[in-house]
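The structure appears below as structure tokens.
The values are calculated or read from the model by the stated rules, or taken from the named source; none is laboratory data. Predicted model only: the values in this text are computed from it and were never measured. A quick note on method: Cβ atoms are made from the backbone with ideal geometry, for glycine too, and the neighbour counts reach across all protein chains shown. Accessible surface areas use protein heavy atoms only, side chains included; no ligands, DNA or RNA. Shrake-Rupley method; radii C 1.70, N 1.55, O 1.52, S 1.80 Å.
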Amino acid sequence: MLRVACRTPQENSNFIRGEGFAKLGVTSASPHETMRTFGITIDSKMAIVPARVLPPPGISYAAGRPPRVNDGSWNIVDVKFHRPGQLGKLTMLMVREEHRPGPWSGPNDQNMWDFVSKFAQKCKSTGMQVSDERPDILPTEILPPFHPDRDPSRAAAIAKVKDALTKLAQSGPRIIFVLLNARDNYIYPAIKRIGDVELGVQTVCMQLDKAIGRGDPGKQDQYFSNVALKVNTKLGGVNHKLDPKDLKWLQEKRTMVVGADVTHPGPTSIDGTPSLAAVVASIDSDFFQFPASMELQEGRKEMIQNFEKMMIDRLLLYQSRMKALPERVLLFRDGVSEGQFDSVLVEELPQIQKAFEKVYKTGKKPQLMICICGKRHHARFYPTDPQNTSRNGNTKPGTVVDKGIGDVYRFDFYLQAHAGLQGTVKATHYTVVYDEIGFPADTIQQGAHTSSYSYVRATKAVSLIPAAYYSDLACERGRLYLNEFLNLGVERSVSGKGKKDKDAAKKEVYDACVRAWGNGIHENVKNSMFYI
């Protein structure tokens, strides 16, 4: 499927104008009968629209040569994070499974200690403070294998993992590193729920077949670098910064950047499972840290039902960190279709305004901008000038289109901030549906582009502005907390409900989800980027 769909832009263009047109009967040689009757013809050439390629931002680290951005990405070699976190003594859990033997014979295997030492050295090299004390490493009891009949949700294995995590958490580690021989649908979600919701300790999982590097030291170093990016972010640090000129549009006034998204039950979910809304917001002037609020709501409802409470939480945390409330709020809303734009203004905007009234009281309210971010569209752009073409034939990172195919009434644009690695790249469609700030078009387009380079988990520009991206990640993390309801519904489905009213059965499931959710994110981690 991927090989068929993953065509280069040139292959796609030729296929559409050749075989595609022929099968639809819209070529001049064999025009469609209905179109011929009405005198309609379709040009075989694609429409040409004006576009620009925006420059990348400058990027800096605390030490080391400033990286050179090339094709939307850069390398980090011998650099130090701008604000390194304090990791302290390494604490690790080794998950041992009966049917998945690991690479080491046990906790005394010298190869394992060499692995741990290399990882500690990588963290130190970035500036993070790592204790020289001998790390705490605890192996789990051998976990029983998956039995679809006797233990379909691996409850026995999860109980052993929880016992081990609870023991490690008693010493108060900043992060528990979990070494997994493989990732499955039960153990990994359970680890995240136990850490984030039950124990209040952050966890970072490392999949050993990848972490060992499969015998390639270069791959292992790259893996450790990627893990270090996540670790420092979870600790509240700042990995890299954009140049001041690239942050000017946000720093001219106190600004809080917000991202919001909703994830819904899918085909594998139990009927009655709720949807989950997530709202993230910046709490620093570098726009690097984005803690999250998450709430359950009625299933398959895209509009956020408890936006007011979540926005209040975000504003109060911003105030506690910045010692003042924001003068501007920029909301990037993900996951909303074009047919729901007005619903955002009718159902979500009033909640945001109520949150402003409750937090600011009689003070001056912040200026608000709401921008919808969409990836589910059918617009594709093919470069016409070789100078604006990447190596694989795609448009270059920074390509922006705001004329020729845009909305007639609203301000919108298509921005491709990232590099297309394979196939035909897809731009993100940004539509401003509410604006009290009045950014010029160039400012918000360049700002969205440069912000795409501030994503904490990678050294490359991402396709979606990070605030919206983080809200999507928070939603995905929340799904793990209700894993048996949202992701494993087919495996947990039971028969025998008889003639019981379907609505009553759905309510039972909903209520069970609410009980499982409890108070949500643990107090110890809720003000961090635990979901990264």
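Worth a mention:
- Segment 110-123 residues that are under 19 Å from Val77 (Cβ atoms), paired with ones that are polar (S, T, N, Q) and open to solvent by less than 70 Å² (accessible area, probe 1.4 Å) (beta carbon under 8 Å, 6 or more apart): Lys118/Gln220; Lys122/Ser225
- Of the residues Lys361, Lys403, the single one that is over 25 Å from Gln340 (Cα atoms) and over 26 Å from the mean Cα position of the chain (by Cα) is Lys361.
- Odd one out for Arg96, checked against (1) within 22 Å of Thr389 (Cα to Cα); (2) open to solvent by 70 Å² or more (accessible area, probe 1.4 Å); (3) in contact with a Pro (Cβ under 7 Å, 6 or more places away or on another chain); (4) not hydrophobic (A, V, I, L, M, F, W, C): (1)
- Some residue of segment 220-237 being open to solvent by 50 Å² or more (accessible area, probe 1.4 Å), assigned to a helix (DSSP H, G or I), touching a residue at least 40 places away in the same chain (Cβ under 8 Å) and farther than 26 Å from Gly520 by Cβ: yes
- Of all residues in segment 29-43, those satisfying the criterion of being under 30 Å from Asp402 (Cβ atoms) and touching a strand residue (DSSP E or B) at 6+ places or on another chain (Cβ under 9 Å) are Ile40, Thr41, Ile42.
- Given (1) touching a Cys at 6+ places or on another chain (Cβ under 9 Å); (2) farther than 30 Å from Glu484 by Cβ, number of the condition Leu247 does not satisfy: (1)
- Residues located in segment 302-356, provided they are open to solvent by 40 Å² or more (accessible area, probe 1.4 Å), among the charged types (D, E, K, R) and closer than 20 Å to Asp435 by Cβ: Glu327, Glu338, Asp342, Glu347, Lys354
- Matching residues, segment 359-402, being out of contact with any strand residue (DSSP E or B) (no Cβ under 7 Å at 6 or more places or on another chain) and either hydrophobic (A, V, I, L, M, F, W, C) or in a helix (DSSP H, G or I) (or both): Val359, Tyr360, Pro386, Gln387
- Residue pairs meeting the criteria (Cβ under 8 Å; at least 6 apart or on separate chains; first more than 21 Å from Gln289 (Cα to Cα), in segment 55-83; second polar (S, T, N, Q) and part of a strand (DSSP E or B)): Pro66/Ser60
- The number of residues in segment 87-109 being hydrophobic (A, V, I, L, M, F, W, C) and either without any contact (Cβ under 8 Å) to a residue 12 or more places away in the chain or closer than 21 Å to Ala63 by Cβ (or both) comes to 2.
- Checked against (1) over 30 Å from Asp511 (Cβ atoms); (2) open to solvent by less than 40 Å² (accessible area, probe 1.4 Å), Ser285 meets all criteria but (2).
- With respect to the conditions (1) surrounded by 15 or more Cβ atoms within 10 Å (Cβ to Cβ); (2) at pLDDT 95 or above, His377 lacks only one, and its number is (1).
- Odd one out for Leu242 among (1) buried (at least 22 other Cβ atoms within 10 Å of the Cβ); (2) more than 25 Å from Val344 (Cα to Cα); (3) of a type in the set (A, V, I, L, M): (1)
Table: residues versus (1) open to solvent by 50 Å² or more (accessible area, probe 1.4 Å); (2) modelled with pLDDT under 95; (3) outside any loop (DSSP other than H, G, I, E, B).
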position	(1), (2), (3)
Asn108	yes, yes, no
Val116	no, no, yes
Lys122	no, no, yes
Val161	no, no, yes
Leu179	no, no, yes
Arg183	yes, yes, no
Asp196	no, no, yes
Cys205	no, no, yes
Asp209	yes, yes, yes
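- Listing of helices (runs of 4 or more DSSP H) fully contained in segment 421-532 that carry 3 or more residues being hydrophobic (A, V, I, L, M, F, W, C), over 22 Å from the mean Cα position of the chain (by Cα) and buried (at least 16 other Cβ atoms within 10 Å of the Cβ): 502-517
- Boolean, Phe411 is without any contact (Cβ under 8 Å) to a residue 60 or more places away in the chain, over 26 Å from Ser452 (Cβ atoms) and surrounded by 15 or more Cβ atoms within 10 Å (Cβ to Cβ): no
- Which numbered condition Glu141 misses (of (1) in contact with a helix residue (DSSP H, G or I) (Cβ under 8 Å, 6 or more places away or on another chain); (2) over 26 Å from Arg154 (Cβ atoms); (3) open to solvent by 70 Å² or more (accessible area, probe 1.4 Å); (4) not hydrophobic (A, V, I, L, M, F, W, C)): (2)
- Among the criteria (1) surrounded by fewer than 17 Cβ atoms within 10 Å (Cβ to Cβ); (2) of a type in the set (Lys, Arg); (3) modelled with pLDDT of 95 or more, the one Arg214 does not fulfil is (3).
- Options Lys403, Lys365, Lys361; residue that is at pLDDT 95 or above, open to solvent by 20 Å² or more (accessible area, probe 1.4 Å) and at positive phi: Lys361
- Lone qualifier among Lys23, Lys45, Lys89 - being of a type in the set (Lys, Arg) and surrounded by 14 or more Cβ atoms within 10 Å (Cβ to Cβ): Lys89
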